[in-house]
Each structure stands twice: as C-alpha cells, then as structure tokens.
Amino acid sequence: MNELDITDRKILTLLQRDGRMSNADLADAVNLSPSACLRRVKRLEDDGYIDGYAMLVNQAAVGKPTNVFVEITLRSLSEETVDAFEHAVINCPDVRGCYLMSGDADYLLRIACAGPEGYEHIHRNYLSRMPGVSRIRSSFALRTVCKKTGVKMADI
C-alpha cells in the first residue's frame with residue numbers, strides 16, 4: 001500500500017460522509033481536476049483503502065429496532081470448532097457483526113432483531129444450534145448513543 005497524503009485522506013473522509021458524491025464535486029472539494037481525482041480514487045480502491053460502497057438501512061424502519069450484543073464462549077478453540085462456528089455465524093441472517101475477542105468470551109456478536117420475541121427466535125433457531133457453543137450471554141441495548149461507520153483520518 002502506498003502512503004496516504006493529505007489529499008488522499010480528504011478524499012477518504014469525504015467519501016465516507018457521502019459515498020454518492022459525484023467525482024466533479026469531490027474534485028472541487030479537494031482542489032483537483034476531475035481526471036486527477038478519479039485516478040486517485042481508483043488508486044485508493046486498487047490499494048485496498050476503499051473497501052467498497054454501501055447504503056445503510058434504518059433498522060427500525062424495517063422492523064428490527066433492537067440491538068442485542070451476544071457473548072459466545074466455545075467448548076474448544078480447536079481449528080475445527082472455530083471454523084464450524086464462524087461458518088455458522090456468517091450464515092446467520094440477523095448477525096450484523098461478529099468479532100473474535102480476548103477476555104472471558106471468545107466471540108462478540110451484534111444482532112439486529114424485532115425485540116425480545118425476535119431475539120428468542122434467533123436464539124432458539126440459530127445461536128443455540130451453532131457448533132461448539134458452551135455459553136451464550138446476551139445484553140440488550142437500551143438506546144443507541146452514537147453509531148459511526150467511518151474511520152477518522154489523521155491530520156485533517
């Protein structure tokens with residue numbers, strides 16, 4: 001990966017705020033010609049700094065207003081168990097994020113669901129059936145204080 005200069009960091013910051021920004025508007029904002037700006041964006045994509053572009057859905061609007069954070073402890077951390085568990089998590093439709101953790105729990109999941117009844121369905125039909133699980137500990141989020149999708153660029 002190439003080193004990011006101030007213009008690259010500005011491009012990344014602006015595209016994180018508005019991934020639908022036109023190249024002409026982006027070029028104006030970073031003081032480049034449209035062709036030079038497009039080349040930089042393409043390089044940032046090719047070098048892996050831009051992972052993709054996405055639209056964010058409002059969870060509450062689609063009937064899944066509740067976030068549940070689930071700590072999972074496995075019986076074993078053998079390669080077979082870990083692979084089987086991770087494959088099952090990837091295929092669980094309401095898991096919005098899964099992280100391998102240090103500390104007491106092996107994994108932390110974020111699940112979007114339709115309240116306690118929705119979570120009960122996910123727990124019964126998915127989580128409790130995942131391979132290698134020895135303990136499930138769930139915490140319901142009462143309210144989202146902040147939710148960030150971008151990464152702060154240094155020196156901007």
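What follows draws every value from the coordinates through simple rules; no lab data is involved. All values reported here derive from a predicted model rather than from experimental measurement. Cβ atoms come from the backbone with ideal geometry, glycine included; neighbour counts cover every protein chain shown.
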Output for the range 79-156: trypsin sites (Lys or Arg not before Pro) sitting in coil per DSSP, at most 11 other Cβ within 10 Å, listed by number, reads R143, K147, K148, K152
Rounded to the nearest Å, the spacing of the alpha-carbon centers of the range 86-156 and the range 1-66 is 27 Å
Helix 34-46 sits off the longest principal axis of the Cα atoms of the chain, rounded to the nearest 10 on a 0 to 90 degree scale, by 30 degrees
Dipole check, the range 79-140, charges on Cβ (K,R +1; D,E -1), about Cα centroid: among V133, G115, Y99 the Cα furthest to the positive pole belongs to G115
With label points set 7 Å from each Cα along the Cα-to-Cβ direction at K148 and D18, the distance between them in nm comes to 2.1 nm
Quick calc, the range 60-140, dipole around Cα centre from Cβ unit charges on Lys, Arg (+) and Asp, Glu (-), nearest 20 debye, gives 280 debye
Rounded to the nearest 10 degrees, the helix 6-17 long axis (Cα) sits at an angle to the longest Cα principal axis of the chain of 50 degrees
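Arrange the following residues from fewest to most other Cβ atoms within 10 Å of their Cβ: S102, S139. Kindly include the intermediate steps, with their values, before the conclusion.
Numbers: S102 6, S139 10.
Fewest to most other Cβ atoms nearby, the residues stand as S102, S139.
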Helix 115-125: inclination vs the chain longest Cα principal axis, degrees, rounded to 10, gives 70 degrees
With N residues in the range 6-46, Rg(alpha-carbon) / (2.2 N^0.38 Å) equals 0.97
So the FRET efficiency between N58 and D104, C-beta based with R0 = 35 Å and rounded to 0.05, is 0.60
In terms of the alpha carbon gyration tensor, root eigenvalues a ≥ b ≥ c, rounded if a/c is under 1.5 and otherwise prolate when a/b exceeds b/c or oblate, the chain is prolate
Only helices counted: for the chain, with every DSSP H run of 4 or more residues adding -39500 (n - 2.57) and the sum spread over all residues, [θ] at 222 nm is -11000 deg cm²/dmol
